[in-house]
Amino acid sequence: MRPEELAQLSEDTRHEQFFFDAPTTRRLLRLAGAYRDPLMVCMPTLAVHLAAQGRRVTLLDRDRRFRGLAGHQRWDLQKPHMVFGDHDALFVDPPFANITLDELARAVDLLAGGMPARPDVYICHLREREAGLCARFAADGLQRLGPPLGYRSVAADTQARIHLFGPAAPRHGG
């Protein structure tokens with residue numbers, strides 16, 4: 001799949017799927033580009049653009065429309081299964097309304113358990129849940145990074161509440 005094809009896809013809002021806008025995509029590509037082998041969870045926008053750059057990328061997502069993307073695996077945050085690899089970063093954009101912090105943490109911990117070393121973890125999440133998110137992922141050193149994230153079709157007032165959380169001092173890339 002190419003970025004042009006992604007632009008033609010409609011977001012699957014039944015599953016809280018929203019695609020990043022162009023400025024956010026560029027910002028996240030710069031960050032992910034510093035890693036050797038990032039693992040994308042529910043982040044098809046970023047995975048498609050990385051693949052278009054010739055990067056090796058694994059996308060875990062429930063949306064079968066991305067099966068043509070090399071590295072796509074059907075995967076569900078609420079019914080996670082272990083994925084093995086040597087990923088140095090884990091990027092997650094979970095559906096906030098349908099996934100609890102405990103479910104998110106179980107999924108991230110399961111994925112990290114399939115890797116030789118715990119990857120740097122980046123999670124898109126709501127600012128008002130920052131304290132709980134950062135406490136639950138304290139071992140990963142999460143903190144709010146930069147301005148809010150932008151999405152193609154999310155209302156501006158909602159976008160203003162969504163941020164990227166990640167390590168202040170990445171261990172691997174970054």
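In summary, helices (runs of 4 or more DSSP H) completely within the stretch 85-168 and bearing 2 or more residues that are under 18 Å from P38 (Cα atoms) occur at 101-113.
For R171, indicate whether it is of a type outside the set (D, E), part of a loop (DSSP other than H, G, I, E, B), open to solvent by 50 Å² or more (accessible area, probe 1.4 Å) and within 22 Å of L60 (Cα to Cα).
Values: of a type outside the set (D, E): yes; part of a loop (DSSP other than H, G, I, E, B): yes; open to solvent by 50 Å² or more (accessible area, probe 1.4 Å): yes; within 22 Å of L60 (Cα to Cα): no.
Spelling it out, it is not the case that R171 is of a type outside the set (D, E), part of a loop (DSSP other than H, G, I, E, B), open to solvent by 50 Å² or more (accessible area, probe 1.4 Å) and within 22 Å of L60 (Cα to Cα).
In summary, V57 fulfils each of the numbered conditions (1) modelled with pLDDT of 90 or more; (2) more than 21 Å from A168 (Cα to Cα); (3) touching a helix residue (DSSP H, G or I) at 6+ places or on another chain (Cβ under 8 Å) with the single exception of condition (1). Across the stretch 69-81, the number of residues qualifying as modelled with pLDDT of 85 or more, outside any loop (DSSP other than H, G, I, E, B) and surrounded by 17 or more Cβ atoms within 10 Å (Cβ to Cβ) comes to 0.
Say whether the condition of being farther than 26 Å from H172 by Cβ and either open to solvent by 10 Å² or more (accessible area, probe 1.4 Å) or modelled with pLDDT of 85 or more (or both) is met by at least one residue in the stretch 21-29.
The first filter runs over the stretch 21-29 and keeps only residues farther than 26 Å from H172 by Cβ, leaving 21-22.
Cutting the leftovers down to either open to solvent by 10 Å² or more (accessible area, probe 1.4 Å) or modelled with pLDDT of 85 or more (or both) gives us 21-22.
Scanning the stretch 21-29, I find at least one residue that is farther than 26 Å from H172 by Cβ and either open to solvent by 10 Å² or more (accessible area, probe 1.4 Å) or modelled with pLDDT of 85 or more (or both), so the answer is yes.
Exactly one residue out of F91, F66, F84 is among the aromatic types (F, W, Y) and open to solvent by 10 Å² or more (accessible area, probe 1.4 Å): that is F84. Restricting attention to the stretch 127-139 and to residues that are crowded, with 16+ Cβ neighbours inside 10 Å and either in contact (Cβ under 8 Å) with a residue 40 or more places away in the chain or in contact with a helix residue (DSSP H, G or I) (Cβ under 8 Å, 6 or more places away or on another chain) (or both), the residue that is farthest from R26 (Cα to Cα) turns out to be R136. Figure legend. Inter-residue proximity from the stretch 50-68: first residues within 11 Å of G33 (Cα to Cα) and among the polar types (S, T, N, Q), second residues modelled with pLDDT of 85 or more and open to solvent by 20 Å² or more (accessible area, probe 1.4 Å), beta-carbon distance below 9 Å, spacing 6+ or different chains. Indicated pairs: Q53/L29; Q53/G33.
The values are calculated or read from the model by the stated rules, or taken from the named source; none is laboratory data. The shown structure was predicted, so the numbers you read here are calculated from the model rather than taken from an experiment. Every residue, glycine as well, gets a Cβ built from its backbone with ideal geometry; the counts of neighbours run over all protein chains shown. Note: areas computed on protein heavy atoms with side chains; ligands, DNA, RNA excluded. Shrake-Rupley method; radii C 1.70, N 1.55, O 1.52, S 1.80 Å.
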